[in-house]
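Working notes, structure below.
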Amino acid sequence: MGRQMNKWVTCKEGKGYLFKDGVQERHETNFDKGAVGLIKEDRVDDYLIWLIGNDNYWIIPKNEVEEIDVTKTGDKFDNKICNVCHCLKPTENFSKNQNNLHGIIRRPSCQKCRTSIDKRAPKTKQAKQMEKQKPKTGEPFICPICRKRSIVNVTAKIVADHDHHTGNIRDFICDSCNTGLGRFKNGENYLMNAVNYIKDHNTLG
């Protein structure tokens, strides 16, 4: 048994031996190059590393691992960790999002992961028909999610909420709720987790 550790590292070559249920797999397999993980055990020639991106343990040779200070990554540094694949990549691999007084703000997901996130099913016949029903500028509107009343494109932007799997339009909602759904990955499980979280932490006055 090796020495227990807890240090962040990046795995440069993107390969190792999957370690599952206390057993090391016989054949070396690949994962994303630059994957970030925690050293859980220091062995003689290799480390046992938990990769945060794929939530698995791997046995990886020491010469393919580089220790990093995760607090010194991000927009102000040369490298940044993607919030989806959790790989350390050059900061220019993250698209510019906006500028502020402190400089350029980049997206939290790398360009490769953004491509997957932004992929949508092609527009369906249903979507084209629904688009004709989009509320017009100046009309009153009540969002079906937050129930907030607004004036279309005056006090709130109204957008089509697409099902990313089918390409169909579910309904028209306010931009704030659309952003909220995006934060929760448009997934029922995430939303239920949020509801359960609020219930679990709800305290009676």
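The values are calculated or read from the model by the stated rules, or taken from the named source; none is laboratory data. This one's a predicted model, so the numbers in the text were calculated from it and none came from an experiment. Using ideal geometry, Cβ is built from the backbone for each residue, glycine included, and neighbour counts are taken over all protein chains shown.
Tabulated values for the structure
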item: Options ILE145, ILE68, ILE105; residue that is in contact (Cβ under 8 Å) with a residue 60 or more places away in the chain and of a type in the set (Val, Ile, Thr); result: ILE68
item: Selection count, the range 34-50, where residues are out of contact with any Phe, Trp or Tyr (no Cβ under 6 Å at 6 or more places or on another chain) and either closer than 12 Å to CYS87 by Cα or hydroxyl-bearing (Ser, Thr, Tyr) (or both); result: 4
item: Criterion (in contact with a helix residue (DSSP H, G or I) (Cβ under 8 Å, 6 or more places away or on another chain) and at positive phi) met by exactly one of GLY103, GLY74; result: GLY74
item: Scope the range 145-160; condition over 13 Å from GLN133 (Cβ atoms) and either in a loop (DSSP other than H, G, I, E, B) or touching a helix residue (DSSP H, G or I) at 6+ places or on another chain (Cβ under 7 Å) (or both); matching residues; result: ILE145, CYS146, ARG147, LYS148, ASN153, VAL154, THR155, ALA156, LYS157, VAL159
item: Single match in GLN129, GLN133 (criterion: of a type outside the set (A, V, I, L, M, F, W, C) and not in a helix (DSSP H, G or I)); result: GLN133
item: Checking GLN129 against (1) under 15 Å from the mean Cα position of the chain (by Cα); (2) within 30 Å of ILE151 (Cα to Cα), the condition it does not meet; result: (1)
item: Which numbered condition PHE141 misses (of (1) in contact with a Pro (Cβ under 6 Å, 6 or more places away or on another chain); (2) assigned to a helix (DSSP H, G or I); (3) not charged (D, E, K, R)); result: (2)
item: Which numbered condition ASP32 fails, given (1) within 21 Å of the chain's Cα centre (by Cα); (2) of a type outside the set (S, T, N, Q); (3) at pLDDT 95 or above; result: (3)
item: Top-ranked residue of the range 129-186 - restricted to ones that are acidic (Asp, Glu) and touching a Lys or Arg at 6+ places or on another chain (Cβ under 9 Å), ranked as surrounded by the fewest Cβ atoms within 10 Å (Cβ to Cβ); result: GLU131
item: Any chance LYS89 is part of a strand (DSSP E or B), in contact (Cβ under 8 Å) with a residue 12 or more places away in the chain and within 16 Å of the chain's Cα centre (by Cα); result: yes
item: Pairs with Cβ under 9 Å, 6+ apart, first in the range 32-53 and surrounded by fewer than 16 Cβ atoms within 10 Å (Cβ to Cβ), second among the acidic types (Asp, Glu) and in a loop (DSSP other than H, G, I, E, B); result: LYS33/GLU13
